[in-house]
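Reviewing the structure listed below.
The values are calculated or read from the model by the stated rules, or taken from the named source; none is laboratory data. As the structure is a computational prediction, the values presented were derived from the model and not from experiment. FYI the Cβ positions are ideal-geometry reconstructions off the backbone, even for glycines, and counts take in every protein chain you see. We work out accessible area using only protein heavy atoms, side chains counted, and drop any ligands, DNA or RNA first. Shrake-Rupley method; radii C 1.70, N 1.55, O 1.52, S 1.80 Å.
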Amino acid sequence: MKLHGFSLAVPPGWQAAARRQPVDVPGRPGNLVVHAATIALPRSRGDFGSDVAPLLGVDDVFCSLFEYDAASTREALFADRGLPVVRPSDFQVGALQRPRPGQSGAQFFFSEAGRAFCLFAILGSHGRRHPGAVKVNALVRGMRIQ
């Protein structure tokens, strides 16, 4: 998959879709949004997976890579450089905007190639965060940002 200076080698067992944000969205016109999951992605998906989380089984994972305006790279929030390495301990039950029993999430703000991003991941089961982190890292290893 390639779009807007981004490419992704989708790991086996994952489905991914990418789009550019509408140009009339203040602060992030035309920026990238990538969704990937170990389940079939529904047609309707909130930017951070609000419509996907209820569909996740215990071994499933959803990830959103959300691009912010390039000026955001100067903000402390995006000070980490390069794609994140995800650890099981990064996942927290309270990290989901809409908590679901048993699920957990993690978010990573970073910059790469002069661009600002948030990687947000949801695990179908907090108790399965070790294999979940392995799956998220497999997805991240396939990302290239230019």
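Look at the alpha carbon pairs under 8 Å that are at least 6 residues apart: their mean separation over the length of region 1-116 gives a relative contact order of 20 percent. The peptide list 31-39, 135-143, put in order of mean Cβ contacts within 10 Å with the highest first, becomes 31-39, 135-143. Nearest 10 degrees is fine. How inclined is helix 129-141 to the longest principal axis of the chain, computing both from alpha carbons? Between the helix axis and the principal axis of the chain, the angle is about 30 degrees. Counting protein heavy atoms only, the chain has 53 percent of its accessible area on carbon and sulfur, 1.4 angstrom probe. For the chain, the dipole from Cβ point charges (+1 on Lys and Arg, -1 on Asp and Glu) about the Cα centre works out to 240 debye, to the nearest 20. Each peptide in 67-75, 117-125 was scored by the mean count of other Cβ atoms within 10 Å over its residues; highest first, the order is 117-125, 67-75. Computed about its Cα centre, the charge dipole of region 1-71 is approximately 240 debye, with only Lys, Arg, Asp and Glu carrying charge at their Cβ. Ordering MET143, VAL10, VAL23 by Cα displacement along the dipole of the chain toward the positive end leaves VAL10 in first place; charges were set at the Cβ atoms of Lys, Arg (+1) and Asp, Glu (-1). Label zone of GLU75 (point 7 Å out along Cα→Cβ, amide N under 20 Å): in region 90-126 this covers 95-98, 106-121. In the full protein context, the chain carries 50 Å² of accessible surface per residue, based on a 1.4 Å probe and ignoring ligands, DNA and RNA.
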